[in-house]
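The values are calculated or read from the model by the stated rules, or taken from the named source; none is laboratory data. Small disclaimer: the values here were computed from a predicted structure and weren't measured. Cβ atoms come from the backbone with ideal geometry, glycine included; neighbour counts cover every protein chain shown. Just the protein is used for accessible areas: all its heavy atoms, side chains included, with ligands, DNA and RNA removed. Shrake-Rupley method; radii C 1.70, N 1.55, O 1.52, S 1.80 Å.
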Amino acid sequence: MTDTLERPTISEADEQALLDAIDRWLVKKVAPVADKYEQADEYPTELVHDMCEMGLFGALIEPQWGGLGLPALTYSRIVARISEEWMSLTGFFNSHLMMALIVQKFGTPAQKDHWLPRFATGELRGGLALTEPDAGTDLQGIRTTARKDGDVYRINGSKLWITNCIEGDILAVLVKTNPNAEPRHRGMSMLIAPTRDMETGKEAEGVSRGRKLPKLCYRGIDTGAIAFDDAPVDARLGLVGGEEGKGFLMATGGLEIGRVNVAARGVGIARRALKEAVAYAQVRTTMGKPIAQHQAIQLKLGEMAAKTRASELLVEDAAKAYDRGGRVDLEAGMAKWFATETAFEVATESMRIHGAYGYSKEFPIERLYRDAPLLMIGEGTNEMQRIIIARQLIARNPV
Ligand SMILES: Cc1cc2nc3c(=O)[nH]c(=O)nc-3n(C[C@H](O)[C@H](O)[C@H](O)COP(=O)(O)OP(=O)(O)OC[C@H]3O[C@@H](n4cnc5c(N)ncnc54)[C@H](O)[C@@H]3O)c2cc1C
């Protein structure tokens, strides 16, 4: 199961034009409404529509299937910019792209032709369903099963904390096709499972979407529970790669771009929190001078700026390694761990610099501060990232 795709490229001018278009959209369409949607925890239908129009749901899908075919480096820059304004928006297309890339990398030619054009336009939107009520980090401990029944697989089980699972149409679902396999990962497969009946718009047969989960932040986006009761999935189009037993590899491969994305979100949060702190420290006066002239505040700003820049460089490093091909667990793990810990630290320090105003819902710091902790949990917790980094270090440097 090798990845034989060509490496995507983009000219500097085209990248700049794309980033400028996104900046204009952020200023004009997102900034005025982000707080409204976030505070109401409401699905931002019009913004999702805009992102489909801009091609973001096909950002990493190759042009032959209607996508933009962007390099991960450009993609990470887009994610960082959007996260400066409203991080939730990046979740809609990143979860979707993790699903799409699994098909693009590992699917059969028929699966690519069938799914990728619809994923690229956002006509079908979805995500990656790995986590269950009793299994998150320990992915091999999942209990959802799928058994072959003629031309279909029948899925039974439930998934929890799944992004895009209420408003979306389809999911890449990690299942056990052989629950007794040893080692456990050999019994795991990946199925592309429609969750909505395309004709009626209702839930697909055997699928029950649960409620949208209330969250500290990362609101507006639908993260929820979903249950499968003998839900049928077409075997030819659904079993990714047409082969059982490869699902765990596909899931961990999909998480690599997810980690680059989460790290880039961290860059966006840190950058915005730093920008706000630098501006505020120059206008807030105590003891007869702007707080930016107090050494205690300068020490904070210096550290925040250096760590934010280091995060940007680590994300660039990971994205470039991803663009070169092959596995990038080490680079993506380093970027994810450092940039997301930095996002939390910088948001916290920015809040302290803002004093009481940082705690107010009328200033942007409060939301950045609530958004940052998710990044330390999703796409593999930061505890696991350090373990992955260490294992890779040892594997790449045997004695
Ligand atoms: C807002 C949100 C959106 C999400 N979206 C998705 C999604 O779209 N799809 C999806 O599949 N999942 C999603 N998740 C789930 C997320 O990926 C999991 O929460 C994450 O993998 C951690 O799993 P857990 O919550 O079960 O924690 P656990 O695995 O129970 O871990 C609990 C603690 O123990 C630590 N720990 C566990 N095992 C080890 C170990 N071996 N060594 C050291 N420390 C360990 C962890 O680091 C953590 O600190 C989402 C979660 C959130 C909060």
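Taking all protein chains as shown and a probe of 1.4 angstrom, His185 keeps an accessible surface of around 60 Å².
In the chain, the portion of solvent-accessible area held by carbon and sulfur atoms comes to 52 percent [1.4 Å probe, whole percent, DNA, RNA and ligands not counted].
Charges were assigned to the Cβ only: +1 to each Lys and Arg, -1 to each Asp and Glu. The resulting dipole of segment 143-227 about its Cα centre is roughly 480 debye.
Once the C-beta distance of Leu213 and Lys289 is scaled by a Förster radius of 35 Å, the resulting FRET efficiency is 0.15 to the nearest 0.05.
Assuming charge only on the beta carbon of Lys and Arg (+1) and of Asp and Glu (-1), the dipole of segment 250-315 about its Cα centre is about 200 debye to the nearest 20.
Compared with the alpha-carbon gap, the fully stretched path from Ala21 to Asp197 is longer by 59.9 nm at 0.36 nm per residue. Considering only Val260, Pro373, Asn156, and ranking their Cα positions along the charge dipole of the chain that arises from unit charges at the beta-carbon of Lys, Arg, Asp and Glu, the one farthest toward the positive end is Pro373. Here's the list of aspartates and glutamates a cross-link from Lys176 could span, going by alpha-carbon distance under 13 Å and ignoring same-chain residues fewer than 8 apart: Glu132, Glu243, Glu244. Each peptide among 9-17, 59-67 gets the average number of other Cβ atoms lying within 10 Å of its residues, and from highest to lowest they stand as 59-67, 9-17. Using a simple spin-label model with pseudo-atoms 7 Å out from Cα toward Cβ, Arg143 and Asp229 lie 1.6 nm apart. The residue among Val233, Trp115, Val79 whose Cα reaches farthest toward the positive pole of the charge dipole of the chain, with charges on the beta-carbon of Lys, Arg, Asp and Glu, is Val79. Sequentially through segment 268-274, phi angles give Karplus couplings (6.51, -1.76, 1.60; θ = phi - 60°) of x, 5, 5, 4, 5, 5, 5 Hz, Gly and Pro residues having no value and appearing as x.
Legend: calculated FRET efficiency, Asn156 to Thr381, from the Cβ-Cβ distance at R0 = 25 Å, rounded to 0.05, equals 0.35.
Over the alpha-carbon set of segment 287-330, divide Rg by the Kirkwood Rh and report the Rg/Rh ratio to two decimals.
Radius of gyration over Kirkwood radius for segment 287-330 works out to 1.36.
When the P(r) is computed for the chain, the part past 38 Å accounts for 19% of the Cα-Cα pairs.
Go ahead and estimate [θ] at 222 nm for the chain from helices alone: -39,500 (n - 2.57) per DSSP H run with n ≥ 4, summed, over the residue count, rounded to 500.
One gets -17000 deg cm²/dmol as the mean residue ellipticity at 222 nm.
Can you tell me the FRET efficiency between Ala296 and Ala390 if r is taken as the Cβ-Cβ distance and R0 is 25 Å, rounded to the nearest 0.05? With R0 = 25 Å, the Cβ-Cβ based efficiency is 0.10. Among 343-354, 205-216, 146-157, sorting by the average number of other beta carbon atoms lying within 10 angstrom of each residue, highest first, gives 343-354, 146-157, 205-216.
Contact order, relative form, for segment 116-202: 29 percent (alpha carbon pairs under 8 Å, 6 or more residues apart, mean separation divided by residue count). In segment 184-300, a dipole from Cβ-located charges (positive for Lys and Arg, negative for Asp and Glu) runs towards its positive end, and of Met190, Pro214, Gln282 it is Gln282 whose Cα lies farthest in that direction.
Straight-distance candidates among the lysines for linking to Lys215, with alpha-carbon spacing under 22 Å and chain neighbours fewer than 8 residues away dropped: Lys36, Lys159, Lys336, Lys361. The mean sequence distance of close C-alpha pairs (under 8 Å, at least 6 residues apart), as a share of the length of the chain, puts its relative contact order at 16 percent. Ligands, DNA and RNA are left out, and with a 1.4 angstrom probe the accessible area of the chain is 44 Å² per residue. Just checking the listed ones, Ile297, Ile166, Ile142: in the Gaussian network model of the chain with Cα springs under 10 Å, the one fluctuating most is Ile297. Within the shell defined by Cβ-Cβ distances under 10 Å, the residues around Lys148 carry a net charge of -1, with Lys and Arg each +1 and Asp and Glu each -1.
How do the peptides 259-269, 74-84 rank, highest first, by the average count of neighbouring beta carbon atoms within 10 Å per residue?
In decreasing order of mean packing, 259-269, 74-84 become 259-269, 74-84.
Near Gly210, the amide H atoms lying under 5 Å from its own belong to Ala225, Ile226, Ala227; only residues 5 or more places off or on other chains count, and H is placed 1.01 Å from N. Model label sites at Gln64 and Lys320, defined 7 Å from Cα along the beta-carbon direction, differ in position by 2.8 nm.
Can you give the local net charge around Asn178? Use residues other than it whose beta-carbon is closer than 9 angstrom to its beta-carbon, Lys and Arg +1, Asp and Glu -1. Neighbour charge sum, excluding Asn178 itself: +1.
Straight-line cross-link reach from Lys112 at under 18 Å between alpha-carbon atoms covers these lysines, not counting any fewer than eight positions away in the same chain: Lys246. Dipole magnitude for segment 1-126: computed about the Cα centre from +1 point charges on Lys and Arg Cβ and -1 point charges on Asp and Glu Cβ, it is near 280 debye. Backbone geometry of segment 251-256 corresponds, through the Karplus equation with coefficients 6.51, -1.76 and 1.60 at θ = phi - 60°, to 3J(HN,Hα) couplings of 5, 5, x, x, 5, 4 Hz, x marking Gly and Pro.
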